[in-house]
Amino acid sequence: MRRRSRRAGSKTVVNVVLAVICLIWLIPTIGLFVSSFRPATEILKTGWWTVVPHKENVAKDQIQLPKDTDLRQPIQVNGQTFSDDQLREGVKAADGTTFMWQNRRARTIDVLEAGWKMNTEFTTENYKGVLTGKTYEIKDTDGTVKTKKGNGMSQAFLNTLVVSIPATIIPILIATFAAYAFAWLRFPLRKTMFVIVIMLLVVPLQIAMIPILRDYTALGLNGTFLGIWLAHAGFGLPLATYFMYSYISQLPRDLFESAFMDGASNFTIFTRLILPLSVPSIASISIFQFLWVWNDYLVALIFIGNQPDVQVLSMKIADMVGTRGNDWHLLTAAAFVSMLMPLAVFFGLQKYFVRGLLGGSVKG
Amino acid sequence: MIASAATPGMVRKILLSILVPAFNVLLHTGIFIFLRDSDLNSIVYAVLAILWGVVGVYFMYWSLNWVVEQYSDVWRRRIQPFLFVGPAFLLLSWLLLIPTIRTLIMSFQNAASTEFVGFANYAAVFTDRLLITALRNNLLWVVFGATACIVLGLLIAVLADRSSFERTAKVIIFLPMAISFVAAGVIWKFIYYYQPGDEQVGLLNAIVVALGGEPQAWTSMTQPWNNLFLIVILIWMQTGFAMVIFSAALKGVPDDILEAARVDGAGEIRIFFRIIIPFIMTTILSVSTTIVVFTLKIFDVVMIMTGGQYNTDVVATQFYRQLFMFQNNGYGSTLAIILLIAVIPVIIFNLRQIRKQGGF
């Protein structure tokens, strides 16, 4: 009995500790999400957490002191005496409210009362500004209207799709063919080739960049979609081959033998048997490769560079961080736009996603 | 008789063996040049590319395979495997294998890769202040980042295993793995944001001010410890990976061993260090190598957060800087080779693991 109650107690502790850790893990993303919907002027004035109901001093009333009040003498306010310094910092009055200078020169005092407050000003302007690339207006608190140019993120979003889909399909198709040969065909140099594939798994991409960049310059591929597809295809191949190999080599031998008996060729076996059977694995590695390309910054930076019409999301956001580092309303919205796809995949295809990420974790 | 009967067939086979590959080469070169030079709407372009990627690549395999099917059994069995691995291997050779060798050669050449300079670049890497800083920071990343990911990952996996909301907790911790380092950079830059005055909208500075401290510009303050604030981002993103794998490994620890230990009066902490840790040691090792490799190659976070300023450069960002700002192929290649050397133990480890599993 005692034992059980101790266990139950420790379970509560575990739950609380874990909940705190989870909260810490979630807060950064929540902060981004909330901020991306707050008006530009609010973001820089109050923290995003003020959207949660919180206690704050709110001006309830004002007191006008005689204009000739001497600030060097003790000051009489509603029958109580305060010093100038106290009023500057804010001081508690007898009834629980706080007195504070509203305008020291005009001798007006704010009567502040602690009350529940919640910043509920939200807007979708940030997203409009970020997505359309058109100019839009921000009204400042003091009434001035500023015009700012948005960022044309929708074009970048599209470009990222254009980069990601072929850069996923091409390597995985090629890799699956190779994986079948490695797993089920016997040929000279098979071991050597496979060892090379394994070795290339963790090789840092930097090792290949200077030579490829030179080849691309010679071929006119810098800053083109074709160039970045090929680069991603090459860089994705070792992992895709290994991933597909480990699945295809586990398939039962009898499966092919009976097909062979029936006179099916390797090509038929591959397209009619292997491919359909490998769909779950292909899905996992495709999701991994797709997200890898979607989230990639390094390869895009090197091979796309500054080409404006093929700009991908990660490049665009990195640019914005550099050029408009304090425009948090735009940065947060842009970052969230880039996260839409990964989050959709994460929540929609979680099983394949996790399997793909775990298998793909070795990628260079 | 036999010879004359074989000849027309032979001629046909030889013709096919030349024409079909030649046609493929022409076709794909044509598509290649068309895709490179055409100025299409990007959606049309993408659709064409997808068609090429699927139909074109498939057609290549299919047509070449059809040629091979015309050969005698013996030759077919010899050639067909190369048809299957060939395209993959050619692409790998062009984009990874040969570049590695070319980079190695360039690391012994001068900035413009015009003449050989022996080990001068390597000597520079260990004497140039910029490059030493990069090496030191990479070490910081590995020591603090990788260790924290593994320890936290294990801790959270154990806690989740004993909690009442395991699935939810795992989803929350794993979530940051899905997003890009660039987006994560924006998220954390906002958390570290500093503006003069009392009203701080960056979460970290707001907390510091609320506790009565002075707000700081975290990513540029006391070097080299500002690196730790960047490393936190890695920890936030990669702990989920370690956790998921550890969590699976923990489920493999047999319950009866744990029960027996409890009956013998062993405390939970003792059980953890004496039974669970040894049991999942191989998993810990492989997760560690993966995270270390990942950490060695860290690039995006640093680029977004500081651009390598304030002594936060790592090898990968210094590589970029040498390549694009100083146009120094020699230093750039040498840094790439150093990254490669750093992962060689992992390559050997991987090969051993796969050999053990009977991979080849």
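Values quoted throughout were computed directly from the atomic coordinates according to the rules given, and no laboratory measurement underlies them. Quick caveat, the model's predicted, so the values are computed rather than measured. Positions of Cβ are generated from backbone atoms using ideal geometry, with glycine treated the same way; all protein chains shown enter the neighbour counts.
Listing for the model above:
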item: Listed pairs A:Lys60/A:Lys92; A:Lys60/A:Lys117; A:Lys117/B:Lys189 exceeding 18 Å between Cα atoms; result: A:Lys117/B:Lys189
item: Separation in nanometres of the label points that stand 7 Å from Cα toward Cβ, at A:Ser249 and B:Arg162; result: 3.9 nm
item: Per-residue Cβ neighbour rank within 10 angstrom, fewest leading, B:Cys149, A:Cys22; result: A:Cys22, B:Cys149
item: Kyte-Doolittle mean at least 0.5 and Cα axial length at least 24 Å: DSSP H helices in chain A; result: A:2-35, A:153-184, A:225-248, A:328-348
item: 0 to 90° range, to nearest 10: angle between helix B:73-92 axis and chain B longest Cα axis; result: 40 degrees
item: Taking B:Leu234, B:Leu130 and counting other C-beta atoms within 10 Å, the order from fewest to most; result: B:Leu130, B:Leu234
item: Prolate/oblate/rounded call for chain A, Cα gyration tensor, a/c under 1.5 rounded; result: prolate
item: Overall form of region B:192-254 per C-alpha gyration tensor (a/c, 1.5; a/b vs b/c); result: prolate
item: Cross-link reach list, aspartates and glutamates versus A:Lys45, counting only Cα pairs under 17 Å and skipping chain neighbours closer than eight places; result: A:Glu56, A:Glu121, A:Asp140, A:Asp142, A:Asp327, B:Asp198, B:Glu199
item: Local electrostatic count at B:Trp141 - Lys and Arg +1, Asp and Glu -1, tallied over other residues with Cβ under 15 Å; result: 0
item: Separation between Cα centres of region A:204-224 and region B:91-108, rounded to whole Å; result: 11 Å
item: Gain in span if fully extended, A:Leu349 to A:Phe82, counting 0.36 nm per residue against the direct Cα distance; result: 89.6 nm
item: Rounded tilt (10° steps) of B:42-51 against the dominant C-alpha axis of chain B; result: 60 degrees
item: Separation of the B:Tyr71 and B:Ala248 label points, Cα + 7 Å toward Cβ, nm; result: 3.9 nm
item: Gyration tensor (alpha-carbon) shape descriptor, region B:130-211, a/c threshold 1.5; result: oblate
item: Cβ-derived FRET efficiency at R0 30 Å, A:Glu89 paired with A:Asn15, nearest 0.05; result: 0.10
item: Förster radius 30 Å - calculated FRET efficiency between B:Phe349 and B:Val151 (Cβ-Cβ, nearest 0.05); result: 0.90
item: Under the Debye formula (equal points on every Cα, no solvent term), log10 I(q)/I(0) of the protein assembly as shown at q = 0.06, 0.07, 0.10 Å⁻¹; result: -0.46, -0.60, -1.09
item: Fewest-first ranking of A:Met209, A:Met244, A:Met320, A:Met261, using other Cβ atoms within 10 Å as the exposure measure; result: A:Met261, A:Met320, A:Met209, A:Met244
item: Rg/Rg_globular for region B:93-231, with Rg_globular taken as 2.2 N^0.38 Å and Rg from C-alpha atoms; result: 1.52
item: Estimated FRET transfer efficiency (B:Arg274, B:Ala124; beta-carbon r; R0 60 Å; 0.05); result: 0.75
item: Using alpha-carbon coordinates, inclination of helix B:57-69 to the longest axis of chain B, degrees; result: 40 degrees
item: Chain lengthening between A:Lys45 and A:Met261 when straightened (0.36 nm per residue, less Cα-Cα); result: 70.2 nm
